[in-house]
Amino acid sequence: MHLLLNFWFIFLGLLALGVSIFVHELGHFWAAKKRGLIADRFSIGFGPRIFGWHHKGTDFRISLLPLGGYVSLPQLADMGRVEGGEKELGALPPISYTDKMVVSVMGAVFNLIFAFLLTIILWGAGREIIKSTTIGTVTESVINSDGATVPSPAFVAGIQEGDTIIAVDGQKINDWWDYINTLATGVDRTDTGEARAVITVERDAQIINFITYPQLVSSEQMRAIGVLPQTDTNSAPIVLMLEENMPAYKAGLKKGDRLIALDGEPIISGGFLKTYLSKHRDRVIQVTIERDKFQSIIPIMPRVKIENNETEPRFGFAYDYDYKVERIYEDPFTQIMGFTKTMQRTLFAVLNTQSDVEVKNMSGPVGIVHGLNIMARRGWVDLIWFVALINVNLAIFNLLPIPVLDGGHMLFATVSKLLNRPLPLVIMERLQMAFISLLLFFALYVTFFDVKRLTINLMPEQTLEQSEEP
């Protein structure tokens with residue numbers, strides 16, 4: 001049953017991505033037909049045809065390489081060799097500049113329309129998020145990407161529990177996810193190249209600016225300062241990840257277990273965990289856990305991981321909490337503007353050499369399907385939200401002025417219009433082939449890191465600065 005459930009959620013992820021691609025290509029196809037253009041192929045995927053059917057002069061197909069999709073519009077751009085065409089169509093009647101621009105842009109327009117319809121559903125149903133940006137925990141240390149335990153940037157700067165974050169580097173923060181995204185995509189650095197972020201908080205009706213020096217954490221090497229949001233009352237720590245060959249793993253602790261007490265004393269905070277282990281480092285601790293709604297006690301002997309030059313004893317796991325969430329009802333325009341803002345920040349960070357966000361942090365088809373899979377497990381509201389986000393991202397990405405993408409077709413059409421003559425076909429073909437090669441390399445590159453993330457079990461829902469392993 002568990003295996004079938006896994007296949008079901010993976011299927012939902014693939015279906016959601018496929019529908020988003022289909023919607024985009026449907027926009028091109030619909031506009032082309034309305035303006036009398038030839039559309040000889042409608043493909044989900046690139047390369048050789050696997051199967052499909054013919055209808056009114058169009059070959060509707062599923063192709064071998066699942067890297068997106070296309071509608072073949074030879075009057076707009078002859079991409080036959082790139083897209084998997086099998087025959088030449090010969091001389092075709094020319095089309096106007098308006099035709100080219102309208103057909104090129106309609107893929108993005110359809111994605112935005114689809115996203116708008118989905119956000120209407122979310123507007124009515126509401127979505128639970130960590131709306132408050134009030135800090136519930138300031139950790140004293142963080143584990144950086146090199147595995148070293150270092151002082152928490154927030155703790156060093158003087159940020160306190162109860163402070164409310166209102167801005168990062170001068171950018172207003174609306175919710176906890178907005179804080180994480182803004183911090184991660186920051187581009188501020190010191191003269192020596194050290195990452196820097198100005199955290200603006202409200203404390204006792206006063207506005208205070210703290211200069212912090214974020215650490216890069218996790219295998220993704222994302223900026224973090226060591227703060228966590230407020231938790232629900234009496235929330236127990238939830239095990240997220242386990243270190244092999246460490247006491248918790250050997251004792252049988254599992255991901256998803258809730259830690260209730262140590263030697264019968266309720267676990268009230270991450271600080272309590274660390275302090276208790278430090279005071280009782282030389283004996284077995286009776287850990288009360290909750291698993292599948294049943295409580296049990298597991299004896300665990302903490303140890304110091306001397307191979308990492310650590311000095312404090314640990315069980316060897318990362319944990320998180322149930323945080324205070326609110327159900328929000330944002331209108332479609334606010335939601336779409338939020339998606340656009342996130343995409344804009346990410347693109348700017350990827351292109352800016354001062355940021356710590358790299359191309360490898362982006363997701364390809366594997367990562368997107370995995371993300372959809374996770375959202376489907378959370379529930380239909382989160383799945384719809386993620387599909388809406390993907391469609392806004394598809395719209396923006398495809399409008400970039402890059403050959404092969406829709407924005408590239410619009411760029412070629414505009415240059416041709418300004419020159420008052422068609423661009424040489426050989427130049428266009430070489431540019432298209434060069435950029436499709438780059439696009440393929442990009443897809444393979446990010447897919448490699450997608451697979452790597454899956455193998456180390458770094459789940460997309462781990463977007464909070466989780467408490468370090470006690």
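Nothing in this text is a laboratory measurement; each read-out follows from the coordinates by a stated rule. What you see is a predicted model, and the numbers here were worked out from it, not measured in a lab. Cβ sites come from the backbone with ideal geometry, for glycine too, and all protein chains shown count toward neighbours.
Observations
- For the stretch 290-296, the Karplus equation 6.51 cos²θ - 1.76 cosθ + 1.60, evaluated at θ = phi - 60°, returns couplings of 10, 9, 6, 6, 10, 9, 8 Hz by residue, with Gly and Pro reported as x.
- Sorted ascending by nearby beta carbons within 10 Å, beginning with the fewest, LYS341, LYS56 become LYS56, LYS341.
- For the stretch 269-372, the square roots a ≥ b ≥ c of the C-alpha gyration tensor eigenvalues yield an a/c of 1.5 or more together with a/b exceeding b/c, which makes the shape prolate.
- Distance (nanometres) between label positions extended 7 Å along Cα→Cβ at GLU265 and LYS341: 4.3 nm
- Applying a threshold of 31 Å to the alpha-carbon distances of LYS293/LYS324; LYS255/LYS279; LYS250/LYS274; LYS279/LYS452; LYS131/LYS305 flags LYS279/LYS452; LYS131/LYS305 as lying beyond it.
- The magnitude of the dipole of the stretch 127-230, with charges of +1 and -1 set on the Cβ of Lys/Arg and Asp/Glu and taken from the Cα centre, is near 140 debye.
- Positive-end ranking of PRO229, ALA443, GLY193 along the dipole of the chain, with charges on Cβ about the Cα centre, is headed by ALA443.
- Kyte-Doolittle mean at least -1.0, axial Cα span of 18 Å or more - DSSP H helices of the chain: 2-34, 97-125, 332-351, 365-378, 380-398, 406-419, 425-455
- For the chain, with +1 on Lys and Arg beta carbons and -1 on Asp and Glu, the positive-most of TYR321, VAL103, ALA184 along the dipole: VAL103
- Counting only Cβ charges, +1 for Lys and Arg and -1 for Asp and Glu, the dipole size of the chain around its Cα centre is about 1440 debye.
- Maximal additional length on extending the LYS254-GLU310 stretch stands at 17.8 nm, based on 0.36 nm per residue less the C-alpha distance.
- Projecting the Cα atoms of ILE38, PHE294, VAL304 onto the charge dipole of the chain, computed from C-beta unit charges around the Cα centre, puts ILE38 farthest toward the positive end.
- Between PHE397 and VAL156, the C-beta separation translates, for a Förster distance of 45 Å, into a calculated FRET efficiency of about 0.75.
- Under the simplified labelling scheme, the LYS33-ARG281 pair shows an inter-label distance of 7.2 nm, with each label point 7 Å from Cα along Cα→Cβ.
- Extending 7 Å from the Cα toward the beta-carbon at both LYS417 and ASP204 defines two label points whose distance is 6.1 nm.
- In straight-distance terms, cross-link reach from LYS33 covers every one of the lysines whose alpha-carbon lies under 25 Å from its own, apart from those fewer than eight places away in the same chain; here that gives LYS56, LYS87, LYS100, LYS417.
- Cβ-based exposure ranking for LYS34, LYS417, in which fewest neighbours within 10 Å come first: LYS34, LYS417
- Here's how it looks for VAL142: its modeled amide H is under 5 Å from those of VAL150, SER152, which are all 5 or more places away or on a different chain.
- Rounded to the nearest 500, the helix-only mean residue ellipticity at 222 nm of the chain stands at -13500 deg cm²/dmol, with each DSSP H run of n ≥ 4 adding -39,500 (n - 2.57).
- Rounded, prolate or oblate (a/c below 1.5 giving rounded, otherwise prolate when a/b exceeds b/c) for the stretch 219-269 by Cα gyration tensor: oblate
- Residues in the stretch 391-416 that a label on ILE120 would reach, taking backbone N under 18 Å of a point 7 Å out along Cα→Cβ: 391-392
- Shape category assigned to the stretch 127-230 from the gyration tensor of Cα positions, a/c cut at 1.5: rounded
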